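What follows is one structure encoded as structure tokens, with my remarks underneath.
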Amino acid sequence: MKKNIFYMVTTCCGLLLSCLLHAQEKIVQGTYAECQALAKKENKLILIDLYFVGCMPCAEMDKQVFPDPAVVSELKANYILYKTDVMKEVDGKRLARKYGAPGFPTYVIVNPDGKTLLTESGFFGVDRFVPLLKEAVQRNKSELFLAFNNSLENEYPAAYSERFIKTGEKHDFAELEGYLDQQKDLFGETAFLANSVSSFPKYNDWVYTHLPQLIKMYGSNLLRNKISAMASKKSKQYGSKQQLDSLESMLTYIRPTFNDKLWDTFLPAFISNYYTSSKDASTYLKLITQFNLYTTWDLRSNALGQVIIDQAKEPKILNKILAEYQQQQSMQQLDAIDNYRLTLLYYYLKDFKNATKSVQTLLNADLSDSSHSTIKKEILALKAAIDKKNPDLFQARDIKKIIPFNIS
């Protein structure tokens with residue numbers, strides 16, 4: 001039996017190693033110039049993988065994505081893969097500076113002539129990475145190139161360059177405002193890069209105004225951090241003024257900055273910011289449904305937790321949310337935090353009969369898990385308020401469910 005297990009493990013490891021070697025047969029080990037020469041010779045695109053040792057998403061890409069047969073097939077047919085460490089290798093540092101790598105891994109795809117087709121950052125599952133590779137192939141056929149030039153030796157402002165090259169010189173990012181003030185063309189590559197890493201209000205506004213043109217010129221990857229920060233701020237401002245039309249117009253305007261996956265990640269924050277400032281729960285609930293913000297019950301329940309507390313004096317809103325929890329309860333047993341929120345709803349609605357039953361269910365539940373240590377105290381305090389039938393006695397806290405992290 002032990003021999004059979006050993007044989008099976010050895011065989012699987014051998015197959016995995018074979019797959020990895022096959023996937024990496026076109027990795028160029030030399031300089032970027034040598035990689036470019038090979039790409040011209042074989043008439044293939046170059047996939048530049050900017051990474052560093054210790055980068056968890058980079059490691060997961062190497063483990064989960066690059067060995068996948070669909071990725072291997074696409075790379076073998078159309079690409080030469082150039083992996084370079086942005087911390088240790090000169091070409092890695094220069095390429096990171098050239099493309100303003102906002103996070104790692106950063107992927108840059110160029111054609112054999114050095115014309116840039118796409119840049120993206122972060123972990124991509126196979127289901128997203130293969131379409132990205134195919135998109136670049138189509139963009140090359142259609143000659144849809146980004147505005148980056150072919151040189152790694154552009155003149156960069158020192159404060160920007162030091163971010164990537166790290167010579168040890170000290171340069172305050174405030175220097176970049178003076179640099180931008182001197183630029184006659186803010187659409188130029190180095191001016192755009194300097195602006196992408198800074199946060200000066202007047203140049204943020206300039207980027208926002210010219211967003212469609214900048215996306216067309218340089219792609220959305222370097223604009224995402226700036227635009228998401230601005231959108232977070234604007235959504236709060238629109239909420240404080242109850243300007244729903246302005247929020248919806250902004251969301252439509254900035255949508256091209258985000259790929260589908262990141263839009264699903266950022267959009268809930270923009271809309272919850274609007275609610276936090278407006279406290280308009282009716283509109284918030286409509287927006288949650290309109291944009292299908294939360295695809296699982298746990299995510300939706302976490303989003304509703306603070307709303308329940310905020311709307312303690314609004315029975316119309318509370319009854320609408322109560323119906324959701326009751327429906328969920330009819331389909332499956334609620335966990336401790338959902339039961340806590342259900343009890344709160346009965347309590348705020350002065351339905352002390354159901355509140356008593358619900359809090360008793362909580363007290364009978366297994367709360368031995370260390371993650372429930374906080375909720376135990378809350379339950380006892382809530383029970384005391386229910387027993388006294390006083391809806392103003394208990395000061396609830398928004399206790400979130402712990403949702404497992406998934407890099408995908």
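Dipole check for the chain: with +1 at the C-beta of Lys and Arg, -1 at the C-beta of Asp and Glu, and the Cα centre as origin, the magnitude is about 960 Debye. Highest average first, the peptides 32-41, 134-143, 74-83 ordered by how many other beta carbon atoms sit within 10 Å of their residues are 74-83, 32-41, 134-143. Principal axis extents of the Cα atoms in the range 158-222, from largest to smallest and rounded to whole angstrom, are 37, 21, 18.
Rank-order 218-225, 239-246 by packing density, defined as the average count of other C-beta atoms within 10 Å over each peptide's residues, highest first.
Numbers: 218-225: 21.4, 239-246: 15.4.
My ranking of the peptides, most packed first, is 218-225, 239-246.
When the convex hull of its Cα atoms is viewed from all sides, the chain shows a mean projected area of 26.9 nm². Max-minus-min Cα coordinates of the range 259-349 on each principal axis give 40, 29, 18 Å, with the largest extent listed first. For residue 118, the amide hydrogen comes within under 5 Å of the amide hydrogens of 109, counting only partners 5 or more places away or on other chains and with H modelled in the peptide plane.
Relative to the dominant Cα principal axis of the chain, helix 69-78 is inclined by about 30°. Whole-Hz Karplus values for the range 133-147 come out as 5, 5, 4, 4, 4, 5, 4, 5, 4, 8, 6, 9, 9, 7, 7 Hz, taken residue by residue from phi with 6.51 cos²θ - 1.76 cosθ + 1.60 and θ = phi - 60°; glycine and proline positions read x. Looking at the chain, the DSSP beta bridges with both ends there are about 55 percent antiparallel. Round to the nearest 10 and give me the degree value, 0 to 90, for the angle of helix 315-331's Cα axis relative to the longest principal axis of the chain. Helix 315-331 sits at roughly 80 degrees to that axis. In the range 67-161, the inverse of the mean reciprocal separation of distinct Cα atoms equals 14.4 Å; this is its Kirkwood hydrodynamic radius. At what distance in angstrom do the alpha carbon centres of the range 310-324 and the range 236-268 lie from each other? Here the two parts' Cα centres lie 25 Å apart. Taking Cα atoms only, the orientation of helix 32-42 departs from the longest principal axis of the chain by about 80 degrees. Close amide H pairs (under 5 Å, H built 1.01 Å from N) link residue 173 with no residue at least 5 positions away or on another chain. Choose one of 130, 142, 112: the residue whose Cα lies farthest towards the positive end of the charge dipole of the range 112-171 (beta-carbon charges +1 Lys, Arg; -1 Asp, Glu; about the Cα centre). Comparing the listed Cα positions along the dipole, 130 ranks first.
If you average the C-alpha positions of the range 331-345 and of the range 51-83 separately, how far apart do those two centres end up, in angstrom? Between the Cα centre of the range 331-345 and that of the range 51-83, the gap is 43 Å. One Cα centroid belongs to the range 110-159, the other to the range 346-408; the line between them spans 51 Å.
Given +1 at the Cβ of Lys and Arg, -1 at the Cβ of Asp and Glu and no other charges, the dipole of the range 263-408 around its Cα centre is 440 debye to the nearest 20.
The numbers here are math on the coordinates, done by the rules we state, and not lab data. The shown structure was predicted, so the numbers you read here are calculated from the model rather than taken from an experiment. As a convention, Cβ positions derive from the backbone with ideal geometry for all residues, glycine included, and neighbour counts pool all protein chains shown.
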